[in-house]
Amino acid sequence: LSGLLQLLVLSLAGFSYIKQSQEQEMGLKAKGIANFLAQSSTIIEVLEQGAEVNLQQRFKEMAEEIGATFIVLGDSNGIRLTHPIPERIGLPMKGGDNDRALIHGESYVSFATGSLGRSVRGKTAVFNDKGDIIGVISVGYLIDRLEDRVEPYLIFLLGMVLLVLLVNAV
């Protein structure tokens, strides 16, 4: 019985490691994409001059291509200029994790609960050519969707536990 308990604990620890590793990997991917987008002259122009560019559709398509749940552009006050749900454009970004970008100019991975749910997101400040912070880009993946990708590993690990049990029983 103690061997079974050890095997079960080991399986759960393995699953936890895989889940954490997946979340961190997706966070770093999101941060890289946010950094790339923050360098875009189009993004800078939209933030500086309010240029009318259909970023909403571009960001939706890009999010689908990379498997992200959202790509949100916020102004220097954290007001959404894009969002997967158009009715939320013009409202403040949710999650309480914009200060590092908007105040300190950082690029980072964050875990927060926003308007779409709990997510891992890459956030970065957007700077103009004078070095002023003019906005924030947030690229995110819902944690629930990441868990859906990792659950097969848990099923596999638990299947191995059962197989070891059966072999030991025989």
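The values are calculated or read from the model by the stated rules, or taken from the named source; none is laboratory data. Since this is a predicted model, take the numbers as computed values, not measurements. All Cβ positions, even for glycine, are placed from backbone atoms using ideal geometry, and neighbour counts span all protein chains on display. For the accessible areas, the whole protein counts, side chains as well, though only heavy atoms, and no ligand, DNA or RNA atoms are used. Shrake-Rupley method; radii C 1.70, N 1.55, O 1.52, S 1.80 Å.
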- Message: Given the options 92, 86, name the one that is open to solvent by 20 Å² or more (accessible area, probe 1.4 Å), touching a helix residue (DSSP H, G or I) at 6+ places or on another chain (Cβ under 9 Å) and over 24 Å from residue 41 (Cβ atoms).
- Response: 86
- Message: Against the conditions (1) within 21 Å of residue 143 (Cβ to Cβ); (2) modelled with pLDDT under 90; (3) open to solvent by less than 30 Å² (accessible area, probe 1.4 Å), where does residue 70 fall short? Just the number, please.
- Response: (2)
- From the option list 111, 156, 127, single residue qualifying as at pLDDT 95 or above, open to solvent by 70 Å² or more (accessible area, probe 1.4 Å) and not acidic (Asp, Glu) is 127
- Message: Condition check: in contact with a Phe, Trp or Tyr (Cβ under 8 Å, 6 or more places away or on another chain) and among the hydrophobic types (A, V, I, L, M, F, W, C). Does residue 33 satisfy that?
- Response: no
- Query: Taking segment 28-44 on its own, how many of its residues are touching a helix residue (DSSP H, G or I) at 6+ places or on another chain (Cβ under 8 Å) and either under 24 Å from residue 112 (Cα atoms) or buried (at least 16 other Cβ atoms within 10 Å of the Cβ) (or both)?
  - Reply: 4
- Query: Mind checking whether some residue in segment 45-55 is part of a helix (DSSP H, G or I), surrounded by 14 or more Cβ atoms within 10 Å (Cβ to Cβ) and touching an Asp or Glu at 6+ places or on another chain (Cβ under 8 Å)?
  - Reply: yes
